[in-house]
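**Student:** Following this message is one structure expressed as structure tokens.
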Amino acid sequence: MNSYDQLFIDGRWVAPVKGGAFQTINPSNETVIADVAAATAEDIDLAVKAARRAFDEGPWPRMSGAERGAILRKIGKGIRDRLDELATIEVRDNGKPLPEALWDLGDAAGCFEFYADLAEQLDANAEQPVKLADDRFSSVARKEPVGVAGAIIPWNFPMLMAAWKVAPALAAGCTMVLKPSELTPLTSLELADIASKAELPSGVLNVVPGLGPDAGAPLAEHPDIDKLAFTGSVPTGSRVMQAAARDIKNVSLELGGKSPFIVFDDSEIDTAVEWIMFGIFWNQGEVCSATSRVLVQRGLYDRLLARLEEETRKIAIGDGLTEGVLLGPIVSGGQYEKVLAAVERGKAEGARLVTGGARPAHLDSGYFMEPVVFADVPENSWIWREEIFGPVVCIRPFDDEAEAVRSANDSRFGLAAAVMSRDAARCERVAHALRAGIVWINCSQPTFTEAPWGGYKHSGIGRELGEWGLNNYLEIKQITRYDSDKPWGWYIK
Ligand code: NAI
Ligand code: MG
């Protein structure tokens, strides 16, 4: 696309009603990439009305799953055909290293292809017989699309988070209004372009970038929305849920985390260091499931810290488009300040700064910082308990399994957790004891479109991905028939 100054509503590119715009910044050099159309309540209303019409009167929910699947597959192909270009846009808008952006974009295409398969399968499995105890009746449970869905997504995996919501919603037969983050709106607008070229009917997908209070809040509050799907921070998620409560909207939330990683002392040290680093430095640590709290058994603690320090210092930091870079800038000036403040707070709270925290000497603009390792982090400290959402890992020693599990579960969050040991029975036991929606054994972070994704406790409600992600966008209707020849005989004997 040549410009991003229009919204995508009802299959057309339109200027925002109030004509507003905001700027999106490249965090590697703090320059403006584009002026982006800013939706306000008026545009959100037009987008919801278009989605409502497309759902109530349009072809989309009435098509067969196979027909919807064919279009989803075209969208997946549309992403694959432009993979390098889209990945480059993502790097410029978000800052992440190019190999990670390529990975995200491939996964986003794969997500559309996966839900194309599930859409096709719906043709055969939309109705499930229900066995009744009373054989005068027969009954089926029928899956139907929930209706108009509103999606509000964050900036850490811009295209991938769009795909996680758009693909299952469309597979189910829903229509959608998508509001990307104001920090990374570009690939969502590209997705609108791809969907329109894939001949998605008008109004099925509407993309309306804008600021949270100006565009996100009116979307969450709109009475004609049937379902809200949100990924982002806990306070905003709570606000979205309150807005949903007013109209009893179906809501799913994927919120923050402070995910623990328990490393037992029988672990191979380089394997542990590799997965600890991947668990917190991948995507600059701007990952809801980042294993940001690491518990290391005492027998391995000092050796592991030394090795982790050595490897962390080697991480190549720079513009995500530079070959070999493994850590890009923090997404925005605001987030950069938050992460730097968290590092200061950690020092003040008595955590031991092992390495990192400074601006790299070779980079004089952009929101860059050296990745941080904190050791001996007090259990009651802010940095141990709260989400930092940056490349900052907090580490503590533990003595035995019971202590590790207690400490890991001592959190208001419960998105993910990881455990590493050569003892398979122990890993299994700990995996069962951890109160989290995702548990990794002997690894951290690999994410699969086929498997359920979501959190316990303050980390959210509901599950995305896999068949669970499709269920998010389905209602279940009971259809029950009276089969008997005999009169009911209650009033008329
Ligand atoms: P946020 O939760 O405020 O933003 C997420 C989305 O919600 C964005 O699209 C935003 O425009 C929208 N939004 C903001 N205010 C809204 C409102 N009143 N009503 C409806 N929508 C609204 O997150 P933000 O400010 O980008 O990041 C703040 C912190 O959130 C981060 O430091 C991090 O801790 C956490 N976060 C967690 C993510 C996750 O994947 N769980 C992703 C991004 C941020
Ligand atoms: Mg940006």
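**Student:** Taking a ≥ b ≥ c as the square roots of the eigenvalues of the Cα gyration tensor of region 207-280, is the shape rounded (a/c under 1.5), prolate (a/b larger than b/c) or oblate?
**Tutor:** It comes out prolate by the Cα gyration axes.
**Student:** Still on this structure: Cα-Cα over 24 Å: which of 131/227; 249/457; 143/258; 131/477?
**Tutor:** Cα-Cα > 24 Å for 131/227; 143/258; rest within.
**Student:** So if each residue of separation counts as 0.36 nm, and I subtract the Cα-Cα distance between residue 403 and residue 12, what length gain in nm does that give?
**Tutor:** 135.0 nm
**Student:** Assigning unit charges at the beta carbon (Lys, Arg +1; Asp, Glu -1) and nothing else, what dipole magnitude in debye, to the nearest 20, does the chain show about its Cα centre?
**Tutor:** Numbers: 51 positive and 70 negative charges, 261 e Å.
With only Lys, Arg, Asp and Glu charged at Cβ, the dipole is about 1260 debye.
**Student:** May I ask you to compute the full-extension gain from residue 314 to residue 298, defined as 0.36 nm times their residue separation minus their alpha-carbon distance, rounded to one decimal in nm?
**Tutor:** 3.2 nm
**Student:** If we count every other residue with Cβ under 13 angstrom of residue 117's Cβ, Lys/Arg +1 and Asp/Glu -1, where does the sum land?
**Tutor:** Residues near residue 117 contribute -3 overall.
**Student:** Same structure again: How do 88-101, 109-122 rank on mean C-beta neighbours within 10 Å, highest first?
**Tutor:** 88-101, 109-122
**Student:** For region 260-441, what is the accessible area per residue in Å², given a 1.4 Å probe and the full set of protein chains?
**Tutor:** Per residue, region 260-441 has 39 Å² of solvent-accessible surface.
**Student:** What translational D, rounded to a whole number of µm²/s, comes out for region 409-493 from Stokes-Einstein when the hydrodynamic radius is the Kirkwood one over Cα pairs, at 20 °C and 1.002 mPa s?
**Tutor:** 131 µm²/s
**Student:** Something else: Determine the dipole magnitude for region 260-441: charges of +1 sit on the beta-carbon of Lys and Arg, -1 on that of Asp and Glu, nothing else is charged, the reference point is the Cα centre, and the result goes in debye to the nearest 20. Intermediate results must be reported in sequence, preceding the final value.
**Tutor:** Working: 19 positive and 28 negative charges, 73 e Å.
It comes to approximately 360 debye.
**Student:** While we're looking at this one, here's another question. Length gain on complete extension for the stretch residue 475 to residue 139, per 0.36 nm per residue less the alpha carbon to alpha carbon distance?
**Tutor:** 119.3 nm
**Student:** A further question follows. Say the dipole of region 260-441 comes from +1 at the beta carbon of Lys and Arg and -1 at that of Asp and Glu; which of 272, 404, 420 then lies farthest toward its positive end?
**Tutor:** 404
**Student:** Here's something else I'd like to know. Where does the chain land at 222 nm, in deg cm²/dmol rounded to the nearest 500, when only DSSP H runs of n ≥ 4 count, each adding -39500 (n - 2.57), divided by all residues?
**Tutor:** -12500 deg cm²/dmol
**Student:** Tell me, what is the percent relative contact order of the chain, built from C-alpha pairs under 8 Å that lie six or more residues apart?
**Tutor:** With pairs under 8 Å counted, the relative contact order is 18 percent.
**Student:** So what are the three principal axis dimensions of the chain from its Cα atoms, in whole Å, longest to shortest?
**Tutor:** Here the Cα extents, ordered largest to smallest, are 83, 56, 38 Å.
**Student:** Arrange the peptides 162-169, 295-302 so that the one whose residues have, on average, the most other Cβ atoms within 10 Å appears first.
**Tutor:** Sorting 162-169, 295-302 by mean packing, highest first, produces 162-169, 295-302.
**Student:** Below 20 Å, Cα to Cα, which lysines can residue 74 reach? Residues fewer than 8 away in the same chain don't count.
**Tutor:** 165, 197
**Student:** If you add up the charges near residue 287, with Lys and Arg at +1 and Asp and Glu at -1, over every other residue whose beta carbon is less than 13 angstrom from its beta carbon, what do you get?
**Tutor:** Result for the local shell: -3.
**Student:** Another question about this same structure. Give the dimensionless ratio obtained when the Cα radius of gyration of region 358-421 is divided by 2.2 N^0.38 Å. Numbers along the way, then the final one.
**Tutor:** Values: Rg = 14.9 Å, N = 64, 2.2 N^0.38 = 10.7 Å.
Its radius of gyration relative to the 2.2 N^0.38 Å reference: 1.40.
**Student:** A further question on this structure: Ignoring ligands, DNA and RNA, please state the percent of accessible area on region 260-441 from carbon and sulfur, probe 1.4 Å. Don't skip to the answer; put the middle values down first.
**Tutor:** On the way: 3470 of 7020 Å².
Roughly 49 percent of what the probe reaches on region 260-441 is carbon or sulfur.
**Student:** For region 1-116, build the charge dipole from Cβ charges (+1 Lys, Arg; -1 Asp, Glu) around the Cα centre, then report which of 106, 29, 2 sits farthest towards its positive end.
**Tutor:** Farthest along the dipole direction, towards plus: 106.
**Student:** Among DSSP beta bridges lying fully in the chain, give the percent that are antiparallel, nearest 5.
**Tutor:** Details: 31 of 69 bridges.
Close to 45 percent.
**Student:** While we're looking at this one, here's another question. Take the Cα pairs of region 102-247, get the Kirkwood Rh, then feed it into Stokes-Einstein at 20 °C and 1.002 mPa s and tell me D in µm²/s.
**Tutor:** Here the translational diffusion coefficient equals 130 µm²/s.
**Student:** Also, quick follow-up: Does anyone have the angle between helix 424-433 and the longest principal axis of the chain? Alpha-carbon axes, 0 to 90°, nearest 10?
**Tutor:** 60 degrees
**Student:** Can you pull the semi-axes for region 260-441, root of five times each eigenvalue of the Cα gyration tensor, sorted largest first, whole Å?
**Tutor:** Equivalent ellipsoid semi-axes, largest first: 27, 17, 15 Å.
The values are calculated or read from the model by the stated rules, or taken from the named source; none is laboratory data. Model, not experiment: these values are computed from the prediction. Methodologically, a virtual Cβ is constructed for each residue, glycine included, from the backbone with ideal geometry; neighbour enumeration extends over all protein chains shown. Just the protein is used for accessible areas: all its heavy atoms, side chains included, with ligands, DNA and RNA removed. Shrake-Rupley method; radii C 1.70, N 1.55, O 1.52, S 1.80 Å.
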